[in-house]
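The values are calculated or read from the model by the stated rules, or taken from the named source; none is laboratory data. Everything numeric here is computed off the predicted structure, so don't read it as measured data. Ideal geometry is used to build each Cβ from the backbone, glycine not excepted, and the neighbour counts take in all protein chains shown. Surface areas here come from the heavy atoms of the whole protein model, side chains and all, with no ligands, DNA or RNA. Shrake-Rupley method; radii C 1.70, N 1.55, O 1.52, S 1.80 Å.
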Amino acid sequence: MKSSLQRILLSHLFLTILFALLLITANYFDFEPIVYSIASLFIIINIYYRYIIAKGLSSINSITKELANRAPNHLEPVSIKSYPSEIKPVVNELNRLLARLKEGFEREKRFAADAAHELRTPLAALKVQAQVALNTHDVAEKDAALEKLITSVNRGTHIVQQLLTMSKLFPDVIKQSDLEDIDLAKIAREVLAVHAPHALEKKIQLELDACHQTMHFKGNPTTINILINNLIDNAIRYCQENNEIFVRTYEKKKSVILEVRDTGPGIPKALRSRVFERFFRVLGNKSQGSGLGLSIVKQICELHNGKVTLKAPKKGTGVIISVFFPCDF
Amino acid sequence: MRLLLVEDDELLGDAIKIGLSQFGYVVDWIKDGETARFVTKTESFELIILDLGLPKLSGLQILKHLRSSGDRTPVIILTARESVESRIEGLDTGADDYMVKPFDLSELNARIRALIRRSQGRADTTFTYRNVTIDPAAHSVMVNNEIINVPRREFALLQKLLENSGIVLSREQLMQSVYGWDEDVDSNVLEVHIHNLRKKLNANYIRTIRGVGYMVEKE
């Protein structure tokens, strides 16, 4: 398929030959000198045009060659030497894409390194527990060690699952095709139903107060399910016996809001801003979280152009987390 | 042998405590940095196993405080940070050894033995007093080159006494090196152990200092 530049070149070539012929025939038929000058001028201009176009094409060629010779992990911008302004926008956009790709790859690398680091301690527990089981001949002691080993495996599994969830959230834009009308109360009800038995076991009261949703917002139901799941899971994990967890959905000022309020031990003020960081755990409590729950919540929230806040209640202890979903998303 | 374990992870800390107890150590387990710093000031341990990522006060900070106050207890760092820079930092801050998680429990045990040996100024892995030779690695006791059976606690007690020959050790010190804080024991269990040791080893060199404690005569 011929490009437009090549077409111009060909047509100019054709016209140039035409005028050259005209010049020759003009010579034969003794035309006015002015015809000679015009024809010559035309031919010179054409040659000049061909030179410019050829130069433009060659710079495209050199960019093409540079890109073709790149190693797959070379994501540095294409260098801007001299090329025509028509190509500049393309090269600029290409460089921006490369920059985004590079940032994406680096984030994945960091994530993988963080994940590996996080798994070291659970794996260490596994190894030591296995060796403890091997080092004893007492059957009761062996069994106790093996049971703890299974607990450790469960913890490691939980961490791995959270890691996978996080990694899937990485292309941080939801495709239009994955967006649906969200009935927040319905998803909340489903998630709470799943967690109710566990809450009951831990003697934690779990309640939902869902208002009828009049405002519409578009979102991705799968990720919103994961968001609510992580909030409830977190609350149950860190609450103790006889604590309460109240979940509420309501509307306010162009947002649909999900609120999860618990009467558990709460989070110290100094640490409240840090709990959304990846792998951050409020150390010193006994539960075996992955440190990723709230950062997953934050990520999904941002995917929906929303925001999430964390406060302490005015009276008593506990945590109030509110997720705001804007209705114009 | 009384060890201090500073590790905030529940599952791992529990596993290490049980694992090292199986080898005959008394392990006191602290889960946060501040308590650890307090405890190292008020109690004495043969060795400290220190995790770096701790709540309230980091492992490195504890180590700094320890060394700057002149404490020479051997320290093994146990951590998930495996980069060379971290290792260098840990060792230069005053640690004697650096192990990365996950690790082998038996290897940890061997390194503990090596550091305790060194801190007692010994290079020999077995310890001999008169006609008794104890081998901490094998947990064996030989009297006149014959192996005799000594249960775990008595071994710990014997080791402590022999390594401190010529020094009076109080009942409290001896109890602490054989039983952990959370172990509920009869008050006369120490006397029972001493009695058994004296009988088995024909050890009239284990002296009772009434009202104070026990001592092994200097060689």
FRET efficiency for A:Asn92 and A:Lys186 from the Cβ-Cβ distance with R0 = 41 Å, rounded to 0.05, comes out at 0.35
Simple spin-label estimate for A:Ala99/A:Leu21, 7 Å along Cα→Cβ, in nm, reads 5.3
Checked segment B:1-63 against the a/c 1.5 cut and the a/b vs b/c comparison, axes a ≥ b ≥ c from its Cα gyration tensor; verdict oblate
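Compute the FRET efficiency between A:Ile150 and A:Thr64 as 1/(1 + (r/R0)^6), taking r as their Cβ-Cβ distance and R0 = 60 Å, and round to the nearest 0.05. Let's see the in-between values first.
Details: r = 58 Å, r/R0 = 0.96.
It comes out at approximately 0.55.
Work out the mean other chain Cβ neighbour count within 10 Å for the residues of A:151-164 and drop it here as an integer. Spell out each step's value before the answer.
Working: counts 3, 6, 0, 0, 3, 1, 0, 0, 0, 0, 0, 0, 0, 0.
Partner Cβ neighbours, averaged per residue: 1.
Quote the total accessible area buried by chains B and A together, excluding ligands, DNA and RNA, probe 1.4 Å, nearest 100 Å².
Numbers: alone 11310 and 21130 Å², together 30440 Å².
For chain B against chain A, roughly 2000 Å² becomes buried.
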Among residues of segment B:7-33, a drop of 20 Å² or more in 1.4 Å probe accessible area, assembly relative to the chain on its own, occurs for B:Asp8, B:Asp9, B:Glu10, B:Leu11, B:Leu12, B:Asp14, B:Ala15, B:Ile18, B:Gln22
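First compute the accessible area of chain A with a 1.4 Å probe, then give the percent of it belonging to carbon and sulfur atoms. All intermediate terms of the calculation are to be shown ahead of the outcome.
Details: 11970 of 20120 Å².
C and S atoms contribute 59 percent here.
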Once Lys and Arg are counted +1 and Asp and Glu -1 for all other residues with Cβ under 11 Å from that of B:Leu174, the total becomes +2
Expressed in angstrom and rounded, the centroid-to-centroid distance over alpha carbons for segment A:1-75 and segment B:91-129 is 82
At the level of C-alpha centres, the distance separating segment A:196-252 and segment A:131-182, in angstrom, is 22
When every protein chain stays in place and a 1.4 Å probe is rolled, A:Arg248, B:Arg207, B:Arg2, A:Arg110 sorted by accessible area with the largest first are A:Arg110, B:Arg207, A:Arg248, B:Arg2
As straight-line cross-link partners of B:Lys64, the qualifying lysines (C-alpha separation under 20 Å, not fewer than 8 residues apart within one chain) are B:Lys31, B:Lys41, B:Lys56
Counting only backbone N atoms under 13 Å from a point 7 Å out along Cα-to-Cβ of B:Thr126, the residues of segment B:140-159 in range are B:140-148
Among the DSSP H helices of chain A, those whose Cα atoms extend at least 18 Å along the helix axis and whose mean Kyte-Doolittle hydropathy is -1.0 or higher are A:4-29, A:33-68, A:88-134, A:139-168, A:184-201, A:221-238
Computed curve, segment B:172-215, Cα-only Debye sum without solvent term, log₁₀ I(q)/I(0) at 0.15 Å⁻¹, is -0.41
Chain B: relative contact order from alpha carbon pairs under 8 Å, six or more residues apart, as a whole percent, is 16
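Could you order peptides A:320-326, A:189-195, A:94-100 by the average number of other Cβ atoms within 10 Å of their residues, highest first? Can you show the working numbers first?
Details: A:320-326: 19.9, A:189-195: 16.0, A:94-100: 13.6.
Descending mean neighbour count gives A:320-326, A:189-195, A:94-100.
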Filtering trypsin sites (Lys or Arg not before Pro) in segment B:60-109 by DSSP loop and by at most 14 other Cβ atoms within 10 Å leaves B:Arg72
Heavy-atom accessible area of chain B with neighbours in place, 1.4 angstrom probe: carbon+sulfur share in percent works out to 47
Under the 7 Å Cα-to-Cβ spin-label approximation, A:Tyr28 and B:Glu43 lie apart by a distance in nanometres of 11.6
With x for Gly and Pro, the residue-by-residue ³J(HN,Hα) of segment B:68-73, computed from phi through the Karplus equation 6.51 cos²θ - 1.76 cosθ + 1.60 at θ = phi - 60° and given in whole Hz, is 6, 8, x, 6, 10, 4
Given a 1.4 Å probe, the accessible area of the protein assembly as shown per residue, as a whole number of Å², is 56
Two pseudo-spin positions, 7 Å from Cα along C-beta at B:Asp135 and at B:Val84, lie apart in nanometres by 3.9
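Between B:Thr35 and B:Met142, take the C-beta separation as r, use R0 = 35 Å, and let me know the FRET efficiency to the nearest 0.05. Mind dumping the intermediate values first?
Details: r = 41 Å, r/R0 = 1.16.
Rounded to the nearest 0.05, the efficiency is 0.30.
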With only helices counted (DSSP H, runs n ≥ 4, each -39500 (n - 2.57)), the per-residue ellipticity at 222 nm for chain A, to the nearest 500, works out to -20000 deg cm²/dmol
Extension length gain for A:Ser40 and A:Lys218 (0.36 nm per residue less Cα distance), in nm, is 57.4 nm
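Which order do you get for B:Trp181, B:Trp29 if you rank them by accessible area with a 1.4 Å probe, largest at the top?
Values: B:Trp181 125, B:Trp29 50 Å².
The residues order as B:Trp181, B:Trp29, largest area first.
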